1. From the list 342, 381, which residue is surrounded by fewer than 22 Cβ atoms within 10 Å (Cβ to Cβ) and at pLDDT below 95?
2. Only one residue in 42, 73, 96, 56 is out of contact with any strand residue (DSSP E or B) (no Cβ under 7 Å at 6 or more places or on another chain) and at positive phi, so which one is that?
3. Would you point out the residue of the stretch 85-100, among those that are touching a helix residue (DSSP H, G or I) at 6+ places or on another chain (Cβ under 7 Å) and not in a loop (DSSP other than H, G, I, E, B), that is farthest from residue 15 (Cα to Cα)?
4. Any chance you could count how many residues in the stretch 515-536 are assigned to a helix (DSSP H, G or I) and touching a residue at least 60 places away in the same chain (Cβ under 8 Å)?
5. Output the residue which, of all residues in the stretch 369-394 that are touching a residue at least 60 places away in the same chain (Cβ under 8 Å) and outside any helix (DSSP H, G or I), is nearest to the chain's Cα centre (by Cα).
6. Restricting to the stretch 566-607, give me the number of residues that are over 22 Å from residue 94 (Cβ atoms), out of contact with any strand residue (DSSP E or B) (no Cβ under 6 Å at 6 or more places or on another chain) and buried (at least 18 other Cβ atoms within 10 Å of the Cβ).
7. Give the residues of the stretch 114-135 that are assigned to a loop (DSSP other than H, G, I, E, B), surrounded by 18 or more Cβ atoms within 10 Å (Cβ to Cβ) and either in contact with a strand residue (DSSP E or B) (Cβ under 7 Å, 6 or more places away or on another chain) or free of Cβ contacts under 8 Å to residues at least 60 places away in the same chain (or both), sorted by residue number.
8. Which ranges mark the helices (runs of 4 or more DSSP H) fully within the stretch 270-368 that have 1 or more residues being over 17 Å from the mean Cα position of the chain (by Cα)?
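The values are calculated or read from the model by the stated rules, or taken from the named source; none is laboratory data. For clarity, every value in this text was computed on a predicted model and none was experimentally measured. Methodologically, a virtual Cβ is constructed for each residue, glycine included, from the backbone with ideal geometry; neighbour enumeration extends over all protein chains shown.
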């Protein structure tokens, strides 16, 4: 079906292709991506924009001996297709199929595993230094894009790499439309001049003869000023201040320009950066027109671009958060929303449209988002900081040091808590319950349904001391009526009895307890169900009663059992020397691979069928 792509099984197969063939290959890769992602959804727009950069890297460099390190791994689809996984790409992100992100254990071409952003420069620098120390002649390339350069870790990596003088090439995949697309003929001439072997050999010889005295410094400053004036809008001066030699910008969707630049920069030494402008969604008109929607569009008709959206009768937790935050902001101008580049995903776009002055998107900067929220709270505002649970791990120190230690009232909303589905292990919010329950002066809670999320958000709004952490899952809720319900604060640290029983108590937190309630219905009066919506402070009064009354207590959580609710209940049972047997269902002590949320819940035994099976097993053993 594909004239060139069908013959490509590894990067070796594209080494001898001429420019015309490379252009056709890029077009075929895009067509194949669209074909596969239409049926098996994934991150489309970012990967469409990065095709020429990836094809160029594999055409010019000797991978996998040379190391290509990705940042924001969802731009790497062309890389997977070119590196022996063309057919496997049809299984992308599905159970038993390949990962949607580079993984070291999946292919030798995946030099470093990525899922979170801003890691490529640090990892690539480590690889470059390892190669130098071991006398290995290999090139190391970091491909960073999709806003990852705003992350603090990327800037730390730049700072260290520039100072180290390591042999490292950073390719900046800049798909921000506000950057000028090109600087005309003078820019192209400058790129050819500054990347040429003759120019750089001459430059190095001159530098060696000038030595380290003041005249060399003067010449360097003059050249930098001249180059900065030529490419004044490109950011070159910024990168050169880090110690990088800057080249670009080039059209990153022009394979001829990309290959030309990479060939010229391949054999240069030291830290250098190639600035490439690309179009997110390139080559597929619907994605180019609306790259935000087509970042991860779900299933769609590839011919028309019509998205196939299954109508849902139940609201998503993100919809609840969005509406409640807007209502709170309507009533109180001190309410502000903060997100690290996840406004549409978490539901904060509505606040941005309705109250733009009360909304802050700080970019991919989780640590800054938390400390910025702390500053807002210290200044008398009422911040709601929404971060995906897995990404909040980056801001752990800031939550402890800047919010909890100072007892500042910040509502931290951990979206995508628990098992997230096809994104897999890098994105599961598995560790939040365990991580945050040990922090003093911190509230940690999770709603069983949409209505409880609404009331917990309102309770957090009223809270005036320390972090108030609310975690909730990705996707649709339980179908609880919430929109017309009046705001009502929940008593902090109080659990609720959903059902009394005689033999087994289900003690849960979050929506999994709703599944537990359904599971219990088939066992008559043998099973009691208790919603411990606050992990911290724990309702020890009710828990003590449960541990005294029941022979078996089965904890339910969509999080790591190590240190989570299971850990808390086990600690309490040991402290009171309870005769009850404490068992747990949750995320086990291993990383859960990509699959659908339903498949992952089944694997961990926290779907309704799994809970029923656990109850049945407990009753048989009795």
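1. Details: 381 fails: at pLDDT below 95.
Step by step, each of 342, 381 is checked, and only 342 is surrounded by fewer than 22 Cβ atoms within 10 Å (Cβ to Cβ) and at pLDDT below 95.
2. Details: 42 fails: at positive phi; 73 fails: at positive phi; 56 fails: at positive phi.
Sole residue among the options that is out of contact with any strand residue (DSSP E or B) (no Cβ under 7 Å at 6 or more places or on another chain) and at positive phi: 96.
3. The residue in question is 90.
4. Filtering the stretch 515-536 down to residues assigned to a helix (DSSP H, G or I) leaves 515-523.
Those still in the list that are touching a residue at least 60 places away in the same chain (Cβ under 8 Å) too: 515-516, 518-520, 522-523.
Looking only at that region, the number is 7.
5. Our first condition is that a residue be touching a residue at least 60 places away in the same chain (Cβ under 8 Å); within the stretch 369-394, this holds for 382, 384, 386, 389-391, 394.
Those still in the list that are outside any helix (DSSP H, G or I) too: 382, 384, 386.
Working: 382: 26, 384: 19, 386: 13 Å.
Across the stretch 369-394, the extreme among qualifying residues is 386.
6. Pass one, the stretch 566-607, residues over 22 Å from residue 94 (Cβ atoms): 566-586, 589.
Checking the rest, the ones that are also out of contact with any strand residue (DSSP E or B) (no Cβ under 6 Å at 6 or more places or on another chain) come to 567-568, 571-572, 574-579, 589.
From the residues that got through so far, the ones that are buried (at least 18 other Cβ atoms within 10 Å of the Cβ) too are 567-568, 572, 578.
Result for the stretch 566-607: 4.
7. So the first thing to find is which residues in the stretch 114-135 are assigned to a loop (DSSP other than H, G, I, E, B), and the list is 114-119, 134-135.
Among the residues that remain, those that are also surrounded by 18 or more Cβ atoms within 10 Å (Cβ to Cβ) are: 114-119.
Matches in the stretch 114-135: 114, 119.
8. Details: elements: 285-289, 317-331, 343-346, 349-354.
Passing ranges, in order: 285-289, 317-331, 349-354.
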